[in-house]
Amino acid sequence: MPNRIQKIWKTDLFLSTQEDQRYFAATVKSNYSQLEGGRGLRIGIVPESTVIGNRAGIKYNDQHKLWVVTLDDPNGFMGLFNDAYHAVARAICTLGKQQPPPYFTKPSAKGEKVQKQLEKYPDAKVFDIESALDEAAQQDLVSSNKKLVSVNAPHWLHIKEMSPKIISPKPKFVKLD
């Protein structure tokens with residue numbers, strides 16, 4: 001790959017507007033410490049974190065060479081998400097009669113309640129759990145517009161060859177007798 005798009009494969013999203021068809025490669029992380037830049041990436045999106053003092057807003061990060069967009073997280077959604085992830089992982093280990101890996105952190109008291117509830121119903125299907133969660137979730141909180149991206153480079157990425165500009169007067173010859 002060319003140097004300027006060397007780490008474009010780390011892209012999670014391509015961002016654009018309806019008026020301008022230029023695309024910006026963005027990476028989305030649930031934790032600021034997992035953020036890493038690379039050639040081709042322009043934007044990093046992370047939730048705010050009071051632990052590291054990362055407040056909502058936009059600023060340029062010289063270390064990662066990214067514009068970091070920190071999204072407001074007033075209810076601690078990412079903390080809740082990570083807590084639920086660890087609760088489900090521990091429930092799967094218990095139901096599968098496996099020793100939980102040492103790197104799984106223990107969920108909070110609320111997360112342990114979710115874990116115990118999942119362990120109570122070992123025969124529940126994933127679709128049943130998912131539909132129950134869908135009923136409790138905030139539907140249409142985020143919308144997306146799906147569009148296939150062409151494998152051909154967009155017109156704005158190509159260097160256009162232009163005809164040379166005339167910068168001197170055109171010579172004129174007068175006949176000599």
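The values are calculated or read from the model by the stated rules, or taken from the named source; none is laboratory data. Treat the numbers as computed from the prediction; the structure is a model and nothing was measured. Reconstructed Cβ throughout: ideal geometry from the backbone, glycine too, with neighbour counts over all protein chains shown. The area values use the complete protein model at the heavy-atom level, side chains included, leaving out ligands, DNA and RNA. Shrake-Rupley method; radii C 1.70, N 1.55, O 1.52, S 1.80 Å.
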statement: In whole percent, the fraction of accessible protein surface over region 12-71 that belongs to carbon or sulfur atoms, probe radius 1.4 Å, stands at 52 percent
field: Interatomic Cα distance distribution for region 76-137, bins of 10 angstrom, percent
entry: 22, 54, 24, 1
statement: For D72, the accessible surface traced by a 1.4 Å probe with all protein chains present amounts, in square angstrom to the nearest 10, to 100 Å²
- request: Return the subset of K97/K125; K29/K59; K125/K146; K10/K147; K59/K146 for which the Cα-Cα distance in this structure is over 22 Å, preserving the input order.
  value: K125/K146; K59/K146
query: Considering only the other residues whose Cβ falls under 15 Å of the Cβ of Q99, what net charge follows from Lys and Arg at +1 and Asp and Glu at -1?
result: +3
message: So if I place +1 on the C-beta of Lys and Arg and -1 on the C-beta of Asp and Glu, and nothing else carries charge, what would the dipole magnitude of region 12-71 be about its Cα centre? I want it in debye, nearest 20.
response: 140 debye
